[in-house]
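Have a look at the structure below before the remarks.
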């Protein structure tokens, strides 16, 4: 037997499971399992993508200046405090690699994004799961769980898979209450779906222990390209830049993302349409006896009576060619996470759930 052994924590990692995208024997499949933008990518981003084919033989620039500048201009940020990665997942990984290790603790919440404990194990740190209150981050519980070993606290706000969020005052209270040397990571993958929300940028500017992350995979419709970014105190961003691979983003990724972030009209149209259909879908399901918490993202978390009913509904939806997300792995066995699609998609889902409920009675 080999004497080669992996680093501590690696074998504790449970492999991440992405949303299902196919159903055997089904052709007209409606995928609502990965929170993708039903309107795709903006035309301006597509044009930038197409133009990039002429420079595929060239190495990309290593400092991401055009993309960081575009992000800074659109969001009113300091470009020197922005770091870009292959999706926000890579930026979260930078944080873990730089600021946690064996003997340290990384806090995440009960129904938080499943990558958080994976990141802790990846660097040999101990993941600490904190209970939520009614599927919402409980600041008091998080602060109570902190110790001198706490180095990182991850919260998604809006949260995935619950769709809930906490207000700016609560986030600020959390940041202020962390132990010395601990970092609050405000994961804002769904920020753009909340009207007027800065994703935690003002808090980052006000403190030295907060990093925010964002992604191009959701409202910008670039999940297939893998582009994300983080914003934080310059001292922390400088540390993270040291572990970033110099060519971690291609020119194609950067040029397409730059065009996407500058197309603010497309983003606003998507936000408004998502809000309209999210409210309609949540109300329609509630009338059938399937409630959900008020969602601030591009999905709703539909709650059923128990795990058996949720599993049965999931199976019925698949029989109708509809894929949603089972979230038992997030500690929510009685729920289904349903991406908000376009109007036709939402009406198809509501019709199918109604059929399921009628058959069950």
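The values are calculated or read from the model by the stated rules, or taken from the named source; none is laboratory data. For clarity, every value in this text was computed on a predicted model and none was experimentally measured. So basically every Cβ, Gly included, is an ideal-geometry build from the backbone, and we count neighbours across all protein chains shown.
Some points to look at:
- Odd one out for residue 11, checked against (1) assigned to a helix (DSSP H, G or I); (2) at pLDDT 95 or above: (2)
- Qualifying residue in region 328-336 (condition: assigned to a helix (DSSP H, G or I), touching a residue at least 24 places away in the same chain (Cβ under 8 Å) and either within 23 Å of residue 135 (Cβ to Cβ) or in the same structural domain as residue 161 (by TED's automatic domain parsing) (or both)): yes
- Scanning region 193-214 for residues that are surrounded by 23 or more Cβ atoms within 10 Å (Cβ to Cβ) and either at negative phi or without any contact (Cβ under 8 Å) to a residue 12 or more places away in the chain (or both) yields 193, 204, 210, 211, 212, 213, 214.
- Only one entry of 205, 238, 198 meets the criterion of being outside any helix (DSSP H, G or I) and in the same structural domain as residue 49 (by TED's automatic domain parsing), and that entry is 198.
Conditions tested, residue by residue: (1) under 24 Å from residue 247 (Cβ atoms); (2) touching a strand residue (DSSP E or B) at 6+ places or on another chain (Cβ under 8 Å); (3) at pLDDT below 95.
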residue	(1), (2), (3)
72	yes, yes, no
90	yes, yes, no
98	yes, no, no
104	no, yes, no
119	yes, yes, no
153	no, yes, no
184	no, yes, no
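- Members of region 337-352 found to be in contact with a strand residue (DSSP E or B) (Cβ under 8 Å, 6 or more places away or on another chain) and either touching a residue at least 40 places away in the same chain (Cβ under 8 Å) or surrounded by fewer than 16 Cβ atoms within 10 Å (Cβ to Cβ) (or both), listed by number: 337, 338, 339, 340, 341, 345, 348, 349
- Residue match in region 297-317 (condition: out of contact with any helix residue (DSSP H, G or I) (no Cβ under 6 Å at 6 or more places or on another chain), closer than 12 Å to residue 193 by Cβ and either touching a residue at least 12 places away in the same chain (Cβ under 8 Å) or in a helix (DSSP H, G or I) (or both)): yes
- Cβ-Cβ under 6 Å pairs, at least 6 apart or on other chains, region 4-29 side within 22 Å of residue 116 (Cβ to Cβ), far side assigned to a helix (DSSP H, G or I) and at pLDDT 75 or above: 9/121; 12/121; 13/118; 13/121
- Test: residue in region 81-97 that is in contact (Cβ under 8 Å) with a residue 40 or more places away in the chain, touching a helix residue (DSSP H, G or I) at 6+ places or on another chain (Cβ under 9 Å), farther than 29 Å from residue 143 by Cβ and assigned to a strand (DSSP E or B): yes
- Check on residue 107, free of Cβ contacts under 8 Å to residues at least 60 places away in the same chain and either in the same structural domain as residue 242 (by TED's automatic domain parsing) or assigned to a loop (DSSP other than H, G, I, E, B) (or both): yes
- Against the criterion of being surrounded by fewer than 19 Cβ atoms within 10 Å (Cβ to Cβ), part of a helix (DSSP H, G or I) and either in contact with a helix residue (DSSP H, G or I) (Cβ under 6 Å, 6 or more places away or on another chain) or not assigned by TED's automatic domain parsing to the domain that holds residue 251 (or both), residue 119 does not qualify.
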